[in-house]
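Note sheet for the following structure.
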Amino acid sequence: MKLVLASKNEKKLVELRDILSRLGVQVCSEAEAGVDVEVEETGTTFEENSLLKARAVMQASGLPAVADDSGLCVDALNGAPGVYSARYGGEGLDDAGRTRLLLENMKGQMPRTARFVSVITCCFPNGDVISARGECEGTVAFAPQGEGGFGYDPVFFLPERKKTFAQLTAQEKNAISHRGRALEAFQAKLKEYLNQ
């Protein structure tokens with residue numbers, strides 16, 4: 001089975017290919033499917049935005065499309081940046097800039113508890129939809145640590161591992177991350193769907 005990833009994020013593509021290849025599912029990029037879709041993320045939840053992206057790319061490509069909407073929800077910031085994680089601070093900020101802004105906004109804030117949330121949605125041309133959610137609990141570190149991962153990974157600290165996401169290997173991260181957990185649940189649902 002072939003799925004189109006509704007994202008231009010190369011690191012997300014690598015991660016999804018790695019995890020879904022075990023199911024015999026081939027994941028291709030929008031470019032490989034011959035589409036280039038810009039989706040306005042107007043949803044107020046990860047579920048809504050994930051569905052918007054998957055549906056738009058499925059309609060454009062005619063192939064089943066899978067989308068992930070994920071973000072960091074910080075308790076001391078009332079759940080921010082949340083669904084706005086990739087747009088936190090507005091246009092012009094890169095991952096490092098958004099991370100600096102988050103750390104600035106966290107100055108003096110306690111507790112530093114946070115969670116990464118991921119919702120994976122797959123839309124099929126026949127109208128079927130599969131969706132799964134995963135979460136990973138942690139805290140916001142006081143400074144970036146580690147070179148791996150992307151986004152807020154350098155400041156998402158896992159107390160039980162005494163490391164940030166950016167200090168984990170890809171295998172370690174995939175085993176416990178919000179996206180890894182969402183994909184595990186998604187894989188189970190997809191397997192069931194394919195065996196109907």
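Quick notes
- Site pair Asp95 and Arg161 shows an inter-label distance of 1.5 nm when each label is modelled 7 Å from Cα along Cα→Cβ.
- Gaussian network model of the chain, Cα within-10 Å springs - most flexible of Asp128, Asp95, Asp75: Asp128
- For segment 12-122, alpha-carbon Rg and Dmax in angstrom: 16.0, 50
- Alpha carbon centroid spacing (whole Å) that separates segment 79-93 from segment 136-174: 19 Å
- Derived scalar couplings ³J(HN,Hα) [segment 139-155; Karplus, 6.51 cos²θ - 1.76 cosθ + 1.60; whole Hz; x for Gly, Pro]: 9, 8, 5, 7, 7, x, 9, x, 10, x, x, 7, x, 8, 3, x, 10
- Cα-centre dipole for segment 40-101 with unit charges at Cβ (Lys and Arg positive, Asp and Glu negative), debye to 20: 60 debye
- Placing +1 on the Cβ of every Lys and Arg and -1 on the Cβ of every Asp and Glu, with nothing else charged, gives segment 93-191 a dipole about its Cα centre of roughly 200 debye.
- Normalised contact order of segment 92-196, rounded percent, pairs of Cα under 8 Å and 6 or more residues apart: 26 percent
- Of the peptides 22-32, 181-191, 78-88, the ranking by mean beta-carbon count within 10 Å, highest at the top, reads 181-191, 78-88, 22-32.
- Segment 28-146, accessible surface, carbon-and-sulfur percent (1.4 angstrom probe): 51 percent
- Farthest toward positive dipole pole in the chain [+1 Lys/Arg, -1 Asp/Glu at C-beta], among Val117, Ala141, Leu3: Ala141
- Candidate cross-link partners of Lys173 among the aspartates and glutamates, defined by an alpha-carbon separation under 19 Å and a same-chain spacing of 8 or more, comprise Glu10, Glu15, Asp18, Asp68, Asp69, Asp95, Glu135, Glu137, Glu147, Asp153, Glu160, Glu184.
- The lysine pair tally for segment 1-115, using Cα distances under 20 Å and a gap of 8 or more places or different chains, is 6.
- Value of [θ]222 nm, deg cm²/dmol, for the chain, DSSP H segments ≥ 4, -39500 (n - 2.57) each, nearest 500: -10000 deg cm²/dmol
- Heavy-atom accessible area with a 1.4 Å probe sorts Thr121, Thr45, largest first, into Thr45, Thr121.
- Label-to-label distance, Asp36 versus Arg22, with points set 7 angstrom from Cα along the beta-carbon direction: 3.5 nm.
- For the chain, the solvent-accessible area with a 1.4 angstrom probe is 49 square angstrom per residue.
- Dipole check for the chain: with +1 at the C-beta of Lys and Arg, -1 at the C-beta of Asp and Glu, and the Cα centre as origin, the magnitude is about 520 Debye.
- Projected label distance in nm at Lys2 and Glu172, using a 7 Å step from Cα toward the beta-carbon: 3.7 nm
- Length-normalised contact order for segment 1-113 - Cα pairs under 8 Å, 6+ apart - percent: 22 percent
The values are calculated or read from the model by the stated rules, or taken from the named source; none is laboratory data. Not measured: the values here are computed from a predicted model. Cβ atoms come from the backbone with ideal geometry, glycine included; neighbour counts cover every protein chain shown. Please note that ligands, DNA and RNA were not included when accessible areas were found on the heavy atoms of the full protein model with its side chains. Shrake-Rupley method; radii C 1.70, N 1.55, O 1.52, S 1.80 Å.
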